[in-house]
Amino acid sequence: MIQFQNVSLEYERNRPALKDVDLTIEQGECVFLLGPSGSGKSSILKLLLRELRATRGRVSVFGRDLATLRPHEIPVLRQRVGFVPQDILLLQRKTVYENLAYAMRAAGHTNRMVHRLVPEFLERFGVLHKSRSFPGELSGGEAQRVAIARALINQPKVLLADEPTGHLDPEMSIDILSILGDINSKGTTVVMATHDVYAIERLQRRVVTLRLGEVVSDTGGFVAGPA
Ligand code: ADP
Ligand code: MG
């Protein structure tokens with residue numbers, strides 16, 4: 001469902017941020033992209049969202065070469081691929097409820113669907129009681145739960161998360177990781193960038209390790225199981 005074939009990415013000429021990356025991720029997998037800062041993790045996620053285009057090679061999602069997407073198809077891709085960005089980026093002047101409702105309306109859902117699904121998702125992620133709060137009134141863990149709920153509200157087949165435990169204390173990190181593990185066990189493909197080795201040991205899933213833009217190891221073959 002996700003395929004990188006010989007992908008290189010250069011932000012600046014002759015200074016590759018990714019070098020000859022080959023990577024296949026099947027539907028239903030949970031994959032960690034592990035590597036130090038600057039190793040290319042976020043770049044991989046940006047390619048998958050078509051925020052960037054590969055300098056060489058081919059990136060495809062759902063069998064579609066992303067280089068061939070037309071401008072009007074990019075928002076459609078981004079509805080099918082949910083994203084939890086590194087800096088949570090909730091709309092600060094909107095309530096928690098409105099943050100989710102806004103994402104649904106942008107995807108063309110009716111008010112009836114919004115009224116049905118938003119409370120359901122907030123409940124599922126344990127933040128229903130924060131519906132009327134503004135993002136600035138949430139703890140780090142709550143804000144991350146809202147960001148995950150928002151990324152999933154349009155029911156994408158794939159969820160990407162960039163350092164989802166980066167700003168959290170260890171206890172909150174465990175909580176967020178178990179939520180992501182649970183999402184994966186219900187069938188969503190999850191790709192998570194992290195430099196947190198501890199996180200990875202807990203979930204026991206496939207780990208793709210990057211160094212200076214190259215894949216240096218891939219444990220492959222972990223079958224999804226309980227987190
Ligand atoms: P990671 O997420 O693993 O920290 P990134 O994908 O953000 O790594 O970065 C990979 C490399 O690309 C780094 O050398 C970084 O400096 C470079 N890079 C990232 N974004 C840009 C940009 N917008 N312009 C130029 N270089 C960039
Ligand atoms: Mg990054």
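None of the figures in this text is laboratory data; all of them are computed from the coordinates on show. Values in this document were obtained by computation on a predicted structure and should not be read as measured data. Cβ placement follows ideal geometry from the backbone for every residue including glycine, while neighbour counts extend to all protein chains displayed.
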Counting only GluC sites (Glu not before Pro) that are in a DSSP loop and have at most 14 other C-beta atoms within 10 Å, tell me the longest site-free stretch of the chain.
52-227
Along each of the three principal axes of the Cα atoms of region 34-88, give the extent in whole Å, ordering the values from largest to smallest.
33, 28, 17
Summing -39500 (n - 2.57) over every DSSP H run of at least 4 in the chain, dividing by its residue total and rounding to the nearest 500, the 222 nm mean residue ellipticity is -10000 deg cm²/dmol
Above 23 angstrom, tally the Cα pairs of region 74-162 and express them as a % of all pairs, no decimals.
13 percent
When DSSP beta bridges are limited to those with both residues in the chain, what percentage is antiparallel, rounded to the nearest 5?
50 percent
For q = 0.15 Å⁻¹, Debye-computed log10 I/I(0) when each Cα of the chain counts as one equal scatterer:
-1.01
Using the reciprocal of the averaged 1/r over all distinct C-alpha pairs, how large is the Kirkwood radius of region 156-203 in Å?
10.9 Å
Arranged by the count of other C-beta atoms within 10 angstrom, fewest first, what order do Ile153, Ile2 take?
Ile2, Ile153
Indicate the gyration tensor shape class of region 133-221 (rounded, prolate or oblate), computed on the Cα atoms with a ≥ b ≥ c the square roots of the eigenvalues: a/c under 1.5 is rounded; otherwise a/b larger than b/c is prolate and the rest oblate.
prolate
Cubic angstrom per residue, convex hull over Cα atoms of region 119-176:
88 Å³
Rounded to the nearest 10, the angle in degrees between the Cα long axis of helix 140-152 and the longest principal axis of the Cα atoms of the chain comes to 80 degrees
I'd like the chymotrypsin sites (Phe, Trp or Tyr not before Pro) in region 54-130 restricted to DSSP loop residues with at most 15 other Cβ atoms within 10 Å, sorted by number.
Phe62
At the level of C-alpha centres, the distance separating region 185-208 and region 1-65, in angstrom, is 17 Å
Once amide H atoms are placed 1.01 Å from N in the peptide plane, what residues at a sequence separation of 5 or more from Arg206, or on another chain, have their amide H within under 5 Å of its amide H?
Cys30, Phe32, Phe222
Work the Kirkwood hydrodynamic radius out for region 1-118: mean of 1/r over every pair of different alpha-carbon atoms, inverted, in Å.
16.2 Å
For the chain, modelled as a GNM with alpha-carbon contacts under 10 angstrom, which of Gly126, Gly40, Gly141 fluctuates the most?
Gly126
